[in-house]
Amino acid sequence: MRYAIRWLVLLFCIMILTSCWDRQELNEIAIVVGMGVDKIDDDILLSVQIVNPGNVAAQTAGSLESAPVITYTQRGKSIFEAIRKLTKLSSRKLYYSHLRIVVFSEQVAKEGISPLLDFLARDHELRTDYYVLISRNTEAQHILEITTLMDRIPANKLFSSLETSHWAWAATGKVTIDRLIELIAMEGDEAVLTGIIIKGDMQEGETMENTHRLALRTLLQYDGMAFFKKDKLVGWLNEDASKVYNYIKNSVISSVGVYACPEQEGEMTVEVTDAKSRVKGMVRNNQPKVKVSLNIEVNVGELECSMDLTQEHTLQQIELTLEESFKKVVEDTIAEMQTKYQIDIFGFGEAIHRANPSYWLEHKEEWSELFAKLDVQVDMDFHVRAIGGFNRSVPMQKEE
Amino acid sequence: MRHIHPRQYMILTVLYTIGTSLLIIPSLLATAVEHDAWLGAVFTAVFNMLYVFVYVLLLQRFPGLSLVQIAEKLLGKWLGSVVAWLYISFFLLLAVLLLQFLGQFIHTSILPSTPVWFIYFTFMIVIVIGLAYGVEAYGRSAELFFPIVLLFLGLIMIALVFEIDVSRMRPIGERGMSPILLSGLKMSTFQEQICLMMLAPLVANKGKQTAARALVVGTAIGLLVLIAITLLTILILGSYNTAHFVYPVYVLVKKISIGDFFQRIEILMIAIWFLTVFVKIVVTMHAGLIGMTQTLNLKSCKPLILPVGLLIAIYAMIVFPNTATFFEFGRESWFSYALSFIFVLPVSFLIVDIVKRFVGSLFKHEVSE
């Protein structure tokens, strides 16, 4: 009898310990990988990209009858309302834990994204490991409707190509939601998000035929970075400025830069292998001052001019040229932000805050004016580390 | 009489100290002092160690007595039992709060459609079973949990080291030391080692390994973990996010992603959380039960376990109508309420004892003359 009761208790435990109340069966959920937010009048137009489970597995990759993902769009007064209304379209409950990207349209971002971030930070299903993007010159909805080939799930493609280009090209930024909220909340720093454009014809990009071509007519491409004042989009950084931003923010891992050869015609391309930045704020005579020190290590990647790279003198000359020309680019970019926008995207205010908290406490209200005439000193230090496997340029016919 | 080894007592103390604090303290500290939260945690630890030294002094003066017995011995039958019952109510209310907090966390973060009463009762079943088997059994199970908790914590901390940005902790002490000290003092009331005082008589002292020593070492280890976790939340999430996410440590662990395969390990955090909160509720409830047995002159606390357990689970459902009241209570009322039990009363016991012994020695002196 005792024995039987023990077993009954054990069985009962198995029943209650499975947490079946919250079970989510894989065949009953739809995995959302991308989310786009647009606005119509005062309503939110929410688009979600959902994996079509039957058509992403490897063995069916050749079948092209149906698309690997589905994009649904629904209008609602808030994001959460739109999400629940989406079940009118979808046969399954949407599941958000595997979200890879969230796209806000440029228009929405100009009106302010803070109200839209709330749900993303609050809901328990959402994590913090997806990236936030801004769709440029187009609606976020359309970004989620373009087909891609290599990675058949477009949101995955966007996720990994952002990581790759951030690693190798450094003109894009990986910003997760917690970082974004932190940047918006911070008084001496502003948010900067990567922009995404549709390259080519939009209508054609929405069909599966787009992926039948060798040279895809329509592609998704990262383009520039959008900078914010608090939560409102103000303008766009071009490619060079985006790079400068990443250099100053110490988030460059590797990149490539093209510069004029020292003392002759032609250009040389260098590969950045390591970049370190230090932003140091100080207050002298009640005047804020910021010193940016960049320490960049490069390899010679491509030469269009004849130089003997086996001589130390040549490398020193290269370093000097790089330092001079890149310093100018950095200074110009900072000056443009100071004079044209008065928006401190580089976090100089935060540097002052860290260096002199009491000064910051007094002057943080007028920081944008102070930033506009801030004395920024740029120190540049290039080191050429390697020259590759060829110590001269390939001989060429000199033009007379 | 059941006994546990001082090592088990130390492990119980460590898990007890980590317990709920891990989820509450970083957020509350960051709300109060922003990026100086880790300094606040250091002060929390300092204050906590101060309390523990008071307990140690009491333990040395009254070996083999529990807190409730000390109160009765010092303050006499009537006043003593009033204080004893106040302590018992404090322990039981604390058990309710811990259960409520655990339930709310599970409800909002992991199992949103499971009714919260179900979480309370399931967890309470485990606690009641643990108490029914007695202190030896749960002391030993804590000993088994301990390496798991350490392993998971270590894993999480190492994985998080890659995300650190040291500049987030500067400038240090921007608003002066007094708000940091104050918030440190406030937070120190969230680690109620006083409950462990009730268990101290159950520890079989072995030479140098005494209950007092185990209490000090255990608290110190637990507090170090607390400081480390607070520091990590500040360095990784920044002060704004730490203050405004309700469970920042959980968000922090969700961020872990190494090489695209070592990720989504937040369930490890929940395992730590379950194990430590289990220990914390068991110890707290046991403290209340021991107190009741001693003041009511019962032979054993066994008949009380199930009814008290049920009451705690039911109270967890009704004591706070929503999370906001819970957090408000934690912020506004808990400090003065808890401080009187974990510091003011023990210190007054100590003073009463010193005065009593002094007066006693005077009296003796006169007689001998």
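Whole angstrom only: what separates the Cα centroid of the range A:315-374 from the Cα centroid of the range B:34-92? After rounding, the separation between the Cα centres reads 54 Å. Within chain B, helices built from complete DSSP H runs that reach 30 Å or longer along their own axis (Cα positions) and carry a mean Kyte-Doolittle hydropathy of 1.0 or higher are B:37-61, B:67-109, B:135-161, B:211-244, B:266-295. Size descriptors for the range B:66-109, from the alpha-carbon set: Rg then Dmax equal 15.3, 48 Å. Please say if the range A:169-283 is rounded, prolate or oblate, where rounded means a/c under 1.5 for a ≥ b ≥ c the square roots of the C-alpha gyration tensor eigenvalues, and otherwise the choice is prolate for a/b larger than b/c and oblate otherwise? It comes out oblate by the Cα gyration axes. Please list log₁₀ I(q)/I(0) at q = 0.06, 0.07 Å⁻¹ for chain A, using the Debye equation with identical point scatterers on the alpha-carbon positions. Taking Cα atoms of chain A as identical point scatterers yields -0.33, -0.44. Computed with every protein chain present, the accessible area of residue A:258 is close to 80 Å² [probe 1.4 Å].
Protein-only accessible surface at a 1.4 angstrom probe places the residues B:213, A:179, A:6 in the order A:6, B:213, A:179, largest first. Take each residue in B:238-245, count the other chain C-beta atoms within 10 Å of its C-beta, and the mean is 5. Summing +1 for each Lys or Arg and -1 for each Asp or Glu among the other residues whose beta-carbon sits under 14 angstrom from that of residue B:95 gives 0.
Using alpha carbons only, how many angstrom separate the centre of the range A:166-229 from the centre of the range A:63-125? So the separation of the two Cα centres works out to 17 Å. Residue ranges B:152-163, A:219-230 sort as A:219-230, B:152-163 when ordered by packing (mean number of other C-beta atoms within 10 Å per residue, highest first). Cα-based values for the protein assembly as shown, radius of gyration first and Dmax second, are 31.8, 124 Å. Straight-line cross-link reach from residue B:302 at under 27 Å between alpha-carbon atoms covers these lysines, not counting any fewer than eight positions away in the same chain: B:73, B:77, B:280. Rounded to the nearest 5, what % of DSSP beta bridges with both residues in chain A are antiparallel? Roughly 65 percent of the beta bridges in chain A run antiparallel, per DSSP. The figure for residue A:379 is an accessible area of roughly 50 square angstrom, using a 1.4 Å probe on the protein chains alone. Over 26 Å apart at the Cα level, from the set B:208/B:364; B:299/B:364; A:39/A:85; A:93/B:254; B:186/B:356, are B:208/B:364; B:299/B:364; B:186/B:356. Each part reduced to its alpha carbon centroid, the range B:297-339 and the range A:249-271 end up 66 Å apart.
The values are calculated or read from the model by the stated rules, or taken from the named source; none is laboratory data. Because the structure is predicted, anything quoted here is derived from the model rather than measured. Using ideal geometry, Cβ is built from the backbone for each residue, glycine included, and neighbour counts are taken over all protein chains shown. SASA here: full protein model, heavy atoms, side chains in, ligands and nucleic acids out. Shrake-Rupley method; radii C 1.70, N 1.55, O 1.52, S 1.80 Å.
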